Amino acid sequence: MIRKLSTGVPGLDRITHGGIPEGRTTLIAGKSGAAKSVLAMQLAANLARAGHKTQLLAVEEEPRDLLETGDSLGLGVTDLVDRKLLSVLDMRRPRERTVVTGDYDAVGLIHRIEAAAKEGVKCFVLDSATALFSPKPSEDLLRALFFDIVEALRRNDITALITAEAPDDYGPRTTLGVEDFVCDTVIVLRNHVDGERRRRTLEVHKYRRSPHQKGEYPFTITDTGVVVFPFTHPNDRASRQTARFSSGFEGLDGMMSGGWLRDSITMVRGPAGSGKTTLAGMYARAGSSRSERVAYFGFEETRPMLLRNFGAVGVPVEDLIASGHLLVECRYPESTSPEDLLVELRRSLETFDPSLVVIDSISSISHSTSPRGFRQFMVGFASLLREHDRSALLTQAINTLQEEEHTAPFLSTIADAIIELGYTRKGRSLVRTINVRKMRGSAHSDDAFRLWIQPGGLHIEPLGDEVVVEG
């Protein structure tokens with residue numbers, strides 16, 4: 001059975017099913033700016049901190065710069081060096097003009113690997129192979145040299161990480177063109193333009209003798225290093241809880257057979273002005289009033305405006321914010337990336353520890369990124385909720401049901417329950433309506449009800465037969 005070492009990088013161990021192969025070589029490839037050196041430094045620090053004596057060969061950057069980068073990310077690399085758990089060697093080419101004669105020879109590097117092994121080094125990081133083999137030798141010689149280096153590492157039971165530059169995001173893995181055949185594991189980092197924005201993704205392109213999650217996964221660089229977002233299918237962690245809780249909307253609780261199921265994702269969708277944000281505020285206030293912690297993320301209004309509007313409809317929340325039971329954060333999604341939003345949501349789940357989460361609205365997020373980026377955000381968010389066993393309410397601005405099914409049909413599979421709000425004209429009056437379209441694992445009313453926005457929030461009453469609900 002293959003031995004693995006935990007990477008300590010959030011999300012990466014899940015994608016690799018346990019970490020990188022122990023005693024084998026892992027290649028980290030990507031274009032310039034893809035975060036290869038950051039990931040390599042993070043891995044080196046985490047491995048050293050776990051008790052695996054690590055040596056990093058700096059071929060491109062000055063060791064001092066690498067240490068500053070690691071310390072700025074909170075990796076504590078200088079402390080690891082002082083404790084002799086990590087060493088950084090300067091392998092840069094001399095500044096003076098270099099004259100190259102004869103063939104490349106890896107004997108010196110192999111001797112260094114063997115000497116490191118005798119000194120107790122268990123992990124070896126080479127950053128980068130592209131700089132090491134510059135100018136590039138012939139392909140046959142390069143293949144032979146790489147094989148000799150990797151074989152020396154394997155012979156000495158050293159876990160190795162090698163970075164190399166790629167010519168583009170979806171072409172050959174590296175500019176060298178041969179080393180991915182020699183390494184046991186290949187991790188590809190991408191920082192490509194998707195629509196009008198850049199998105200970072202990570203892919204395990206190859207992993208010998210081990211299963212791993214396929215495809216690209218979003219990642220971002222935080223103040224603590226790389227964070228990867230592995231996707232767990234929403235049904236992989238289906239809750240077994242049958243407990244219910246109130247939405248804060250008495251009429252809606254009745255429509256849903258007594259309240260909402262715990263650990264469920266509920267989507268409230270409808271056109272502008274149908275009452276989505278008011279319902280979200282009632283949901284947040286009800287949870288906070290039960291002394292639960294609720295995290296409310298608003299993406300359409302500023303925080304002062306949102307709080308003012310809640311108070312105006314009789315759903316004040318300032319007292320619950322002051323008590324520490326309600327967290328309200330508002331921003332425009334254009335000011336950040338979907339990956340960074342996922343980081344903030346994860347941090348909120350782990351630090352504030354809410355039992356209920358509100359996203360108002362996911363439509364604003366979808367408009368600020370590409371369809372693919374939005375899908376990955378939603379699947380990643382659902383995975384976070386399942387991972388932490390939390391309930392959520394999501395609002396979505398939509399004009400018609402047909403529009404939603406055409407633009408983002410996957411949303412219906414993510415949500416455990418869908419509540420539809422709408423309105424139609426009856427003479428000079430605007431008639432608002434509400435109905436439960438679906439609710440997994442629970443009986444619920446199939447009828448549509450008339451919805452009123454009144455002091456204290458939302459109220460319902462039976463809908464007259466003369467009113468036609470438009471889908």
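The values are calculated or read from the model by the stated rules, or taken from the named source; none is laboratory data. Just so we're clear, the structure is a prediction, and the values are computed from it rather than from any experiment. Using ideal geometry, Cβ is built from the backbone for each residue, glycine included, and neighbour counts are taken over all protein chains shown.
Which of the residues that make up segment 261-281 are polar (S, T, N, Q) and part of a helix (DSSP H, G or I)?
T277, T278
Which condition does Q55 not pass, out of (1) over 13 Å from T159 (Cβ atoms); (2) touching a strand residue (DSSP E or B) at 6+ places or on another chain (Cβ under 7 Å), if it passes all the others?
Tallying (1) over 13 Å from T159 (Cβ atoms); (2) touching a strand residue (DSSP E or B) at 6+ places or on another chain (Cβ under 7 Å), Q55 fails exactly one: (1).
Residue-wise test of (1) surrounded by fewer than 23 Cβ atoms within 10 Å (Cβ to Cβ); (2) assigned to a loop (DSSP other than H, G, I, E, B); (3) among the basic types (K, R); (4) at pLDDT 85 or above.
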site: R154; (1), (2), (3), (4): yes, no, yes, yes
site: I162; (1), (2), (3), (4): no, no, no, yes
site: D168; (1), (2), (3), (4): yes, yes, no, yes
site: G171; (1), (2), (3), (4): yes, yes, no, no
site: L202; (1), (2), (3), (4): no, no, no, yes
site: K206; (1), (2), (3), (4): yes, no, yes, yes
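From (1) part of a helix (DSSP H, G or I); (2) in contact with a Lys or Arg (Cβ under 7 Å, 6 or more places away or on another chain); (3) surrounded by fewer than 18 Cβ atoms within 10 Å (Cβ to Cβ), pick out the condition that doesn't hold for G258.
With respect to (1) part of a helix (DSSP H, G or I); (2) in contact with a Lys or Arg (Cβ under 7 Å, 6 or more places away or on another chain); (3) surrounded by fewer than 18 Cβ atoms within 10 Å (Cβ to Cβ), G258 is out only on (1).
Checking T400 against (1) surrounded by 21 or more Cβ atoms within 10 Å (Cβ to Cβ); (2) of a type outside the set (D, E); (3) at pLDDT below 90, which single condition isn't satisfied?
(1)
Name every residue in segment 16-53 that is of a type in the set (A, V, I, L, M) and closer than 22 Å to T174 by Cα, in order of residue number.
I20, L27, I28, A29, A34, A35, V38, L39, A40, M41, L43, A44
Say we look at segment 455-471 and pick out the residues that are within 39 Å of the chain's Cα centre (by Cα) and at negative phi; which of these is modelled with the lowest pLDDT?
Checked segment 455-471; the qualifying residue modelled with the lowest pLDDT is G471.
Name the residues in segment 343-367 that are under 25 Å from R244 (Cβ atoms), in contact with a strand residue (DSSP E or B) (Cβ under 7 Å, 6 or more places away or on another chain) and of a type outside the set (S, T, Y), would you?
Passing the criteria: F352, P354, L356, V357, V358, I359, D360, I362.
Select from segment 441-450 the residues that are closer than 16 Å to R244 by Cα and loosely packed, with under 14 Cβ neighbours inside 10 Å and write down the one among them that is modelled with the lowest pLDDT.
G441
Only one of (1) surrounded by fewer than 21 Cβ atoms within 10 Å (Cβ to Cβ); (2) touching a residue at least 60 places away in the same chain (Cβ under 8 Å); (3) within 15 Å of A160 (Cα to Cα) fails for S6. Which number is that?
The single condition S6 does not satisfy is (2).
With T424, T407, T433, T395 as the choices, which residue is at pLDDT below 85 and of a type outside the set (K, R)?
T407
Give me the pairs, please: first residue somewhere in segment 318-329 and assigned by TED's automatic domain parsing to the domain that holds R308 and within 16 Å of R347 (Cα to Cα), second residue anywhere and of a type in the set (S, T, N, Q) and buried (at least 20 other Cβ atoms within 10 Å of the Cβ), beta-carbon distance under 6 Å, and either six or more positions apart or on two chains.
L326/S288
Evaluate segment 13-34: report whether one residue or more is within 30 Å of K214 (Cβ to Cβ), more than 19 Å from the chain's Cα centre (by Cα) and part of a helix (DSSP H, G or I).
Taking every residue of segment 13-34 in turn, none turns out to be within 30 Å of K214 (Cβ to Cβ), more than 19 Å from the chain's Cα centre (by Cα) and part of a helix (DSSP H, G or I).
Does R346 meet the test of being closer than 30 Å to E216 by Cβ, assigned by TED's automatic domain parsing to the domain that holds A284 and out of contact with any helix residue (DSSP H, G or I) (no Cβ under 9 Å at 6 or more places or on another chain)?
Taking the combined requirement at face value, the residue does not satisfy it.
Is at least one residue of segment 311-328 at pLDDT below 90 and among the aliphatic types (A, V, I, L, M)?
Within segment 311-328, not a single residue is at pLDDT below 90 and among the aliphatic types (A, V, I, L, M).
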